[in-house]
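Below is one structure, written out as structure tokens, with a few remarks after it.
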Amino acid sequence: MAEKVVIIGSGPAGWTAAIYAARANLQPLVFEGSATWEPNRLNGTTPLGQLNLTTEVENFPTWPYVDAAVLEAFSKSALPPERYENLTHFYHGKRAHHGKRAAYGPEQMEYVRQQAVNFGTRIVTDDIVTVDFKRHPFRLKAREGQQVEALAVIIATGARANYLGLASEDLFKNNGVSACAVCDGALPRFRDKPLVVVGGGDSAVEEGSYLTKFASVVHLVHRRDVLRASKIMQQRALDNAKINMKWNNVVDEVLGTEAEGVTGVRLKSTMTGKTEDVAASGMFVAIGHTPNTDFLAGQVETDAKGYIVWKQPQRTNTSVEGVFAAGDVADDYYRQAITAAGTGCMAALDAERWLASKGFD
């Protein structure tokens, strides 16, 4: 028999959709992705979404600073032992946090995953690699060969941040290297410290401008001698006394230690090849995002950037009737955990009402 709802993806959007679908008695099946498949590791598309790659999450409602021991006790009580083990590095060992803090992204994602499980969500730890939306029920095929049919599908595969591809950059992800200033910029490790932003478009200027609220100085690194950003955004950067332009430079290496995280970056001139070490407590990469839509093979309408297009105002409907999209796979503007969760809720409600309208309830 065809599944009522299959959800592809396991970030805030996917798990929120699962919670709502499960509570509506739709028995959702979630393909959360594989944690061991090398392309997922390299792209940062492992289960639990981009939030699983962050540290403290201060801007998600209902998670104030509490004692780390309280969060440890909560995790131990809320999660089965095998899932709690995924989080023990936050509570034990030399990098354990003591004192008060907000919940880390991996903690929050484990909690929301468990909430979906509590309501009866079923989970397959594999990636959907092909879809057939030209027939109904829809047919989906997983990487390891499993095939399922679905009456409705919610795509919540997110978008991955584009990184520079440096080994040193990968080494310090979540330890000073970030791709989201709004998510991480206010963290204590970045306050009143020099920071580096890499990029030359509107996103880079926006990230840099935002970070000046917290940083002592923001070094904006761009490979050319003129920004690609819109004129008004360029002027905003050039007029900001806390933004120091590093023209005609690329990041050659991220510097730091395991204990301190990022301590600086090594820049390389695109004109002379000379290098310069710049002290910084963090590096923010702002060179765009890539939506995870390759597996759709063009069967759902996307925009010029590859993001799925919502076809109805204030709805999550895609160009294929019965297929809905939630989170960053369709949102290239906000890209926040809370907005992704909100559209996950919307997608589940849209799917439920669509199924009812077709007599599939």
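The values are calculated or read from the model by the stated rules, or taken from the named source; none is laboratory data. The structure displayed is predicted, hence computed values, not measured ones. Note that each Cβ is placed from the backbone with ideal geometry, even for glycine, and that neighbours are counted across all protein chains shown. For the accessible areas, the whole protein counts, side chains as well, though only heavy atoms, and no ligand, DNA or RNA atoms are used. Shrake-Rupley method; radii C 1.70, N 1.55, O 1.52, S 1.80 Å.
Results, tabulated for the structure shown:
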{"read-out": "Cα centroid of the range 213-251 to Cα centroid of the range 38-76, whole Å", "value": "30 Å"}
{"read-out": "Nearby lysines by direct alpha-carbon distance to LYS141 (threshold 24 angstrom, same-chain neighbours under 8 apart not counted)", "value": "LYS4"}
{"read-out": "ASP239 versus ARG224: modelled label distance in nm, points set 7 Å from Cα along the beta carbon direction", "value": "2.3 nm"}
{"read-out": "Shape call, the range 82-226: gyration tensor on alpha carbons, a/c limit 1.5", "value": "oblate"}
{"read-out": "Full-extension gain in nm, THR257 to HIS136, via 0.36 nm per residue minus C-alpha separation", "value": "38.2 nm"}
{"read-out": "Dipole moment magnitude, nearest 20 debye, the chain about Cα centre, only Lys, Arg, Asp, Glu C-beta charged", "value": "440 debye"}
{"read-out": "Antiparallel %, DSSP beta bridges [both residues in the chain], to 5", "value": "50 percent"}
{"read-out": "Label corresponding to Rg and Dmax of the Cα atoms in Å when calculated from the structure given, among (1) 19.1, 56; (2) 21.3, 68; (3) 19.9, 65", "value": "(2)"}
{"read-out": "Residue-normalised accessible area of the range 123-248, expressed per residue, 1.4 Å probe, Å²", "value": "45 Å²"}
{"read-out": "Cβ-based charge dipole, the chain, positive-most Cα from GLY145, ILE128, TYR334", "value": "TYR334"}
{"read-out": "Label-point gap, in nm, between GLU321 and VAL66 - each point 7 angstrom along Cα→Cβ", "value": "4.7 nm"}
{"read-out": "Label-zone membership for the range 22-55, site HIS97, 7 angstrom Cα→C-beta point, backbone N under 11 Å", "value": "54-55"}
{"read-out": "Entries of LYS268/LYS305; LYS76/LYS100; LYS94/LYS246; LYS100/LYS213 with Cα pairs more than 27 Å apart", "value": "LYS268/LYS305; LYS94/LYS246"}
{"read-out": "Charge tally in the Cβ shell below 12 Å around VAL205, where Lys, Arg are +1 and Asp, Glu are -1, VAL205 excluded", "value": "-1"}
{"read-out": "Orphan Cys of the chain, criterion: no other Cys C-beta under 4.7 Å", "value": "CYS345"}
{"read-out": "Loop sites in the range 88-193: trypsin sites (Lys or Arg not before Pro), DSSP, at most 16 other Cβ within 10 Å", "value": "LYS94, ARG95, LYS134, ARG135, ARG191"}
{"read-out": "Dipole axis of the range 1-131 (+1 Lys, Arg; -1 Asp, Glu on Cβ), positive-most option in VAL112, MET1, THR45", "value": "VAL112"}
{"read-out": "GNM result for the chain, Cα springs below 10 Å: residue of ASP239, ASP277, ASP332 fluctuating most strongly", "value": "ASP239"}
{"read-out": "Ranking by accessible area, most exposed first, for TYR91, TYR20, TYR210 with a 1.4 Å probe", "value": "TYR20, TYR210, TYR91"}
{"read-out": "C-alpha long axis of helix 12-23 to longest principal axis of the chain, angle in °", "value": "20 degrees"}
{"read-out": "Heavy-atom accessible area ranking, 1.4 Å probe, most first, across GLU276, GLU258, GLU72", "value": "GLU258, GLU276, GLU72"}
{"read-out": "Lys/Arg +1, Asp/Glu -1 at C-beta; the range 234-361 dipole; positive extreme among THR275, THR290, GLN312", "value": "THR275"}
{"read-out": "Shape of the range 19-64, Cα gyration tensor, a/c cut at 1.5", "value": "oblate"}
